[in-house]
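The values are calculated or read from the model by the stated rules, or taken from the named source; none is laboratory data. Since the model is a prediction, treat every value here as computed from it, not as a measurement. Note that each Cβ is placed from the backbone with ideal geometry, even for glycine, and that neighbours are counted across all protein chains shown. Keep in mind that these areas ignore ligands, DNA and RNA; they rest on the heavy atoms of the full protein, side chains included. Shrake-Rupley method; radii C 1.70, N 1.55, O 1.52, S 1.80 Å.
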Amino acid sequence: MEAVHAHEHGHEHHPSGIMRWVTTTNHKDIGTLYLWFSFTMFMVGGVMALIIRSELFQPGLQVVNPDFFNQMTTLHGLIMVFGAIMPAFVGFANWQIPMMSGAPDMAFPRMNNWSFWLLPPAALLLIISLFVPGGAAAAGWTLYAPLTVQLGMGMDLTIFAVHILGMSSIMGSINIITTILNLRAPGMNMMKMPLFVWTWLITAYLLIAVMPVLAGAVTMTLTDRHFGTHFFNAAGGGDPVLFQHIFWFFGHPEVYIIAIPAFGVVSQVIPAFSRKPLFGYTSMVYATSSIAILSFLVWAHHMYTVGMPVQAQLFYMYATMLIAVPTGVKVFNWVATMWKGSLTFETPMLFAIGFLFLFTMGGFSGLVLSITPVDIQLHDTYYVVAHFHYVMVAGALFSAFAGVYFWLPKWTGRMYDETLGKWHFWLTMIFFNVTFFVQHFLGLAGMPRRIPDYALQFADFNMISSIGAFGFGLSQVFFLYIVLKAIRSGEKSPERPWEGADTLEWTMLPTPAPYHSFETPPVIK
Amino acid sequence: MAGIGMLFGAAGASWAQSRYNLQPPQSPIATQIYDLHMLVLVICVIIFVGVFSFMFYAIVKHRKSVGHKAAQFHENTTVEIIWTVIPFFILIGMAYPATKTIIAMKDTSTPDMTIKATAYQWKWGYDYLNGEGEGISFFSNLATPKAQIEGSRPKGQSYLLEVDNPVVVPVGRKVRILTTANDVLHAWMVPALGVKQDAIPGFIRDTWFKAEKPGTYRGQCAELCGKDHGFMPIVVEAVEPEKYAQWVAEAKSKQGASVVDPNKQFTLAELMALGEKVFAGNCAVCHLASGKGMPPAFPALNGSKVATGPKDAHVKLVLSGKANTAMASFKQLSDADLAAVVTYERNSWGNKAGDLVQPAEVKALRK
Amino acid sequence: MTSQPDHYYLPAPSHWPVTGSTALFCMALGAVLAMNNAPGAGWTLIGLGAAIMIYMLFGWFGTVIRESESGKFNKQVDVSFRWGMSWFIFSEVMFFAAFFGALFYMRVLSVPWLGELDQKLLWPDFTSTWPAAGPGIEGQFTPMGAWGIPAINTLLLLSSGATVTWAHWGLKLNNRGQLKLGLFLTILLGVLFLGLQAYEYGHAYSELNLKLTTGAYGATFFMLTGFHGFHVTLGAIMLTVIFFRSLAGHFKPESHFAFEAVSWYWHFVDVVWLLLFVLVYWL
Ligand code: HEA
Ligand code: HEA
Ligand code: CUA
Ligand SMILES: [Cu+2]
């Protein structure tokens, strides 16, 4: 504690008010910015989802026109992935990685600030695109050519937004990797790092490897649109499918970029509330690495219907199925951690269990999709939509909720209201399944995705799903209330609110965590 | 393993129309897919129940509130190896039947007939290339009236899944479908027949099916293709071979009747009448029947510079389309249709060009 | 000044990042406008953005250089910079990988496919060869040969890799003259390379009928060599900066990370060129 304020170097002047946030180089401030930004974008993307669900409440066109519907689908996907989920976990990384590995801050604090402050302009470009002639990009978040070549200037705004988001992710990742590799406290060797830190190391590596590839893909789209290249046009020897290869070379690792930090959070929360060390730490590290490596070899499972040669279909199917093995290892390890523990069920643990249960379901539907012939039936139907909401909403988003409840006391020094937290969990859990479970049936029955209107046999499940979506959305407004209430008037948190939590931020730092922690590195035995 | 497979293969044999599962399969491939899905689903459910019974047991018995003290073990190499290896073998058990199905699906050799399905924004065009019915070609548009979509009239039974001209095929024959597209990606999907194949502009891809029973099988475009992606259904009508022969004869005679002498001179009234039909069938999705379009995405033709300017430029634009916009080439229409639609555009709504285009002129402008 | 601080240097709050974001926002919006029939307004915004960007780069790097020269960075900070630069270069490698991937795909897959029997229905007259423009492109073009300017350019870049290493040796031996001369030669070679490249583009457009719009070959040729040229330009600018810093007496024999970072970057650009030379020009 004394070490903390002993050295006041480097902060000669402290801007106050909004400029404090705009110019900050403190990892905790930046983490906070990321988290609030992410939640805001979650609301924006969520409102778009609600527009989608309103249109799909009944057959027929009632609420929006088909073109606007497609814009909503596209922006919903882009904003949720790049604006909500990814920044949320970068926010966690900013807060936690220095604290958990005993570092004074991130390795490049100023660049850290830039990584964050690139997000608002990118988001702004996406939002502006809604209001330009022709509207926003309407080709789905996958931005498949050549539909993207037809679209209006909204597409160009989207392309530049993706470029800027990519820069942000790359800089953020460089920072995270460098912090982890170079700023750990003495004695904190790699195999002692908390799993959350490990998962981010791997994620950051994935990000640096694939974000530039996405930038390349959209750059080719841009030149096809405006400068007469023929990357995605058969007349010039190109191929629309080329775009899909490049996109999914990015896109499949991307889904693990979303999932792996979520695994990390859950791997901190489950042992804490089981009062028992994580089972199979070493195999967790290896499993996560294998998932990351395999993720580069499976991208074409999104493209089984483009008409690849049979050998290619077989290769991608086998490789994809293989990912179930390391992921299974993780699932088993989590269950084994709970086994013979001394379990309690505070809100973070509830969300972690919800994650475990539902993510595994999503994993299994992924496995069903990995079987090429079955995927040919289910590709581009609501079954896929159900699959990825299970892994991304019940997976990543639940894990983010678990993380917020888990670390909020450490960040703010105040406890959230446990009763309300449990309500939030149960409402979220129930409405999530109401919304997305029925989508499996829609997909099996053959309802295509990205359509604003559908045949009559799909009507009842769509109605259920839409009702669920509104319930789910409202539950998240309730989450906002819980967090604000905790920050404003929550009870003061004890130094160690969670008996079983034993990483550095709990054992070596006071609660709430001081503005500067570990300016003198702690020594880990 | 094999036991489980057989068990659920059998369960799959009684496909009732279920609202919770794949559509009842109507082709050999669809049947294999159905069984494969059942197999994988059941294995997954068993593992799921297995894994989570451990978790729920722990949740009930190993909770602090019942006084359970935490054990401190945190690894066990034997178990860890077991639960890495066993899933691996389970996966092999799934991959084996899947591989067989993939190979069967991809085998498009020796078809009894070949049909080319060309996707347009937003309709399908079919050309019977080989086998009985060779030479037949037609377009297939959504048949559901706008009023039903907008809700001013009650929705019919096959709402959004009905077309003016279905693809007719004989049952029990191997039909090879070639897909391609005129503008952007689309996909030709008929779930009950187990086919889905992307239609890619500039490339031909293929797939095949064999309908086992007569019936009407409905599907939709399954790749986002712009505004009316939700409104380009596919209907396959599988009929007994004799009825198929009958249909072929009828289709051929209809097609013969509509062929016009290329040098025929049309009157303005004839062209306007034909043009209105062609316009409604091809152009109105974007430019609207009122000619007002949906600016800025789809320009108004009413008062458009092209539609009121020199007629050659107008014909050329429709013939070759405009690169990098939704305005595709319409060279697939006949000379007469093109002449008619251009004439119609030049003399409808507020446009008063007053001139008319003859099929021969269109022919001359084709390269 | 020379004593190493025992704490990891944490910079004070800074407005440079948000300034950079503003610049990028203006440039992006400007580019969109310029490409969509609002060139006047678009170019103005691009210019404004670029000006802010340059201001930011001077300000930000200026700050870092001052911090460095006043001895605020310890060994650990230096290691951070090394990790940072290495991963940045890795990200650049992946960016080029996307375009090399496109080249591979078109050359090995899509162009041959288009010439296959299956596609005769759509492209009856196309036979696939490489270099190819594709079945729908009219007019003949001449591909760029490898053994004229491109070979000279290869030599230029390879020698520039040698001169920058020579300069590095000079720096390590505290031979400032060698450092300055080496850097100067490197920059000279880089600029010469760019000049020849520009001439080659002009030649392609005016005599070979080889354009960005020339289908598969044109698109991959110009995008790959163009992005490479852009990186050479960046590298040359970076070299110029450290050249002036050398003139101003910066860098010590035992600590000169900025110099090394630039030379890594320069070598990276070199290696990309070798790949280009083999895969785009030669084979
Ligand atoms: C967080 C994100 C995330 C994650 C983790 C996953 C995980 C997986 N996904 Fe998913 N996926 C998406 C996000 C994600 N996916 C998205 C966004 C899309 C659609 C994109 C779009 O088109 O818009 C998609 C689409 C998608 C498709 C393409 C569908 C289509 O468009 O046709 C496929 C096909 O193979 C697939 C497969 C898988 C597999 C096999 C896994 C595996 O990793 C799952 C592994 C987990 C398990 C299997 C469960 C636990 C394991 C055990 C308990 C062990 C024992 C099990 C066995 C032996 C069976 N996914
Ligand atoms: C991690 C990412 C993520 C998340 C969190 C979500 C969240 C949700 N998604 Fe997601 N979704 C995607 C990623 C995600 N989605 C992707 C990638 C696609 C594919 C896009 C494509 O096809 O290209 C997709 C597509 C998609 C579709 C298919 C659209 C189509 O094919 O046409 C649907 C349909 O139901 C849907 C629904 C929902 C719903 C109901 C939620 C809910 O969880 C949302 C919860 C709602 C809220 C959070 C709103 C809260 C706010 C309020 C209730 C207050 C409102 C009032 C005021 C602001 C005053 N999504
Ligand atoms: Cu055609 Cu979707
Ligand atoms: Cu994937």
Checklist entry - Based on the Cα gyration tensor of the protein assembly as shown, what are the three equivalent ellipsoid semi-axes, each the root of five times an eigenvalue, rounded to whole Å and given largest first? => result 51, 40, 27
Item to check | Restricting segment A:211-248 to chymotrypsin sites (Phe, Trp or Tyr not before Pro) in coil, as DSSP defines it, with at most 14 other Cβ within 10 Å | outcome: A:PHE227
Next on the checklist: Between C:GLU67 and B:GLU242, what is the label-point separation in nm under the 7 Å Cα-to-beta-carbon projection?
Outcome noted: 8.9
Checklist entry - Top to bottom by accessible area (1.4 Å), largest first, where do A:VAL404, C:VAL111 land? => result A:VAL404, C:VAL111
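Can you list, largest first and rounded to whole Å, the semi-axes you get for chain B by taking the square root of 5 times each eigenvalue of its Cα gyration tensor?
The equivalent ellipsoid of chain B has semi-axes of 54, 26, 18 Å.
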Item to check | Inter-part distance where segment C:185-210 and segment A:330-354 are each reduced to a Cα centre, Å | outcome: 63
Item to check | Accessible area buried between chains B and A, both sides summed, probe 1.4 Å, in Å² to nearest 100 | outcome: 7900
Checklist outcome for this item: Given all pairs of distinct Cα atoms, segment C:112-179 yields a Kirkwood Rh in Å of 16.3
Checklist outcome for this item: Buried accessible surface, C vs A, both sides, probe 1.4 Å, in Å² to 100, equals 5500
Checklist entry - Translational D (Stokes-Einstein, µm²/s) of segment C:1-73 at 25 °C and 0.890 mPa s when Rh comes from the Kirkwood sum over C-alpha pairs? => result 175
Checklist entry - Which whole number in µm²/s is D for chain A by Stokes-Einstein, with the Kirkwood Rh taken over Cα pairs at 20 °C and 1.002 mPa s? => result 90
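Tell me the GluC sites (Glu not before Pro) within segment C:196-283 that lie in a loop according to DSSP and have at most 14 other beta-carbon atoms within 10 Å.
In loop regions of segment C:196-283 (DSSP not H, G, I, E or B), the sparsely surrounded GluC sites (Glu not before Pro) are C:GLU254.
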Checklist entry - What angle, in degrees between 0 and 90 and rounded to the nearest 10, separates the Cα long axis of helix A:27-55 from the longest principal axis of the Cα atoms of chain A? => result 30
Checklist outcome for this item: A correct Stokes-Einstein calculation for segment B:268-366, using the alpha-carbon Kirkwood radius, 37 °C and 0.692 mPa s, returns a whole-number D in µm² s⁻¹ of 251
Checklist entry - Between C:LEU185, C:LEU117, C:LEU158, which gets the highest mean-square fluctuation from a Gaussian network model of chain C, Cα cutoff 10 Å? => result C:LEU117
Checklist entry - Can you give the direction-averaged projected area of the convex hull of the alpha-carbon atoms in segment C:1-138, in nm²? => result 13.8
Item to check | segment A:223-277, relative contact order in percent, only Cα pairs under 8 angstrom and at least six apart counted | outcome: 14
Checklist entry - Ordering B:GLU75, A:GLU418 from largest to smallest accessible area (1.4 angstrom probe), what's the sequence? => result B:GLU75, A:GLU418
Next on the checklist: Could you work out the pair-distance distribution P(r) of segment C:51-95 from its alpha-carbon pairs, with 5 angstrom bin width and percents rounded to whole numbers?
Outcome noted: 6, 18, 15, 20, 23, 14, 4, 0
Checklist entry - If you plug each phi of segment A:293-299 into the Karplus form 6.51 cos²θ - 1.76 cosθ + 1.60 with θ = phi - 60°, what whole-Hz ³J(HN,Hα) values come out, in order, with x for Gly and Pro? => result 5, 4, 4, 7, 10, 10, 4
Checklist entry - How large is the dipole of segment A:25-507 about the Cα centre if only Lys and Arg carry +1 and Asp and Glu carry -1, each at its Cβ, rounded to the nearest 20 debye? => result 940
Next on the checklist: Considering only C-alpha atoms, what is the centroid distance from segment B:162-181 to segment C:251-271, in Å?
Outcome noted: 64
Checklist outcome for this item: Rounded to the nearest 10, the angle in degrees between the Cα long axis of helix B:2-12 and the longest principal axis of the Cα atoms of chain B comes to 50
Item to check | Shielding by partners - mean other protein chain Cβ count within 10 Å, residues of A:436-449 | outcome: 4
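Probe radius 1.4 Å, ligands and nucleic acids ignored: give me the carbon and sulfur share of the accessible area of chain A as a rounded percent.
Within chain A, the accessible surface is 72 percent carbon and sulfur.
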Checklist entry - What do the square roots of 5 times the Cα gyration tensor eigenvalues come to for segment A:300-366, in whole Å, largest first, as semi-axes of the equivalent ellipsoid? => result 35, 13, 5
Next on the checklist: Between C:PHE73, C:PHE268, C:PHE259, where does the largest GNM mean-square fluctuation fall for chain C, given springs only between Cα atoms within less than 10 Å?
Outcome noted: C:PHE73
Checklist entry - For helix B:241-258, what angle does its Cα long axis make with the longest principal axis of chain B, in degrees from 0 to 90 and rounded to 10? => result 30
Next on the checklist: Over chain B, with a Gaussian network built from C-alpha contacts below 10 Å, which listed residue (B:GLY215, B:GLY303, B:GLY67) shows the highest mean-square fluctuation?
Outcome noted: B:GLY67
Checklist entry - Over segment A:29-157, what relative contact order in percent results from Cα pairs under 8 Å that are six or more residues apart? => result 31
Next on the checklist: Can you tell me what share of the DSSP beta bridges in segment B:113-258 is antiparallel? A percent to the nearest 5 is fine.
Outcome noted: 70
Checklist entry - Just going by the charge dipole of the protein assembly as shown, with Lys and Arg at +1 and Asp and Glu at -1 on Cβ, which of B:VAL171, A:ALA259, A:ALA103 is farthest out on the positive end? => result A:ALA103
Checklist entry - Which order, highest average first, do A:169-182, B:346-359 follow once you tally other Cβ atoms within 10 Å for each residue and take the mean per peptide? => result A:169-182, B:346-359
Next on the checklist: With +1 assigned to the C-beta of every Lys and Arg and -1 to the C-beta of every Asp and Glu, and no other charges, what is the dipole magnitude of chain C about the Cα centre in debye, to the nearest 20?
Outcome noted: 720
Next on the checklist: Past the 31 angstrom mark, what percentage of all C-alpha to C-alpha distances in chain C do you count?
Outcome noted: 43
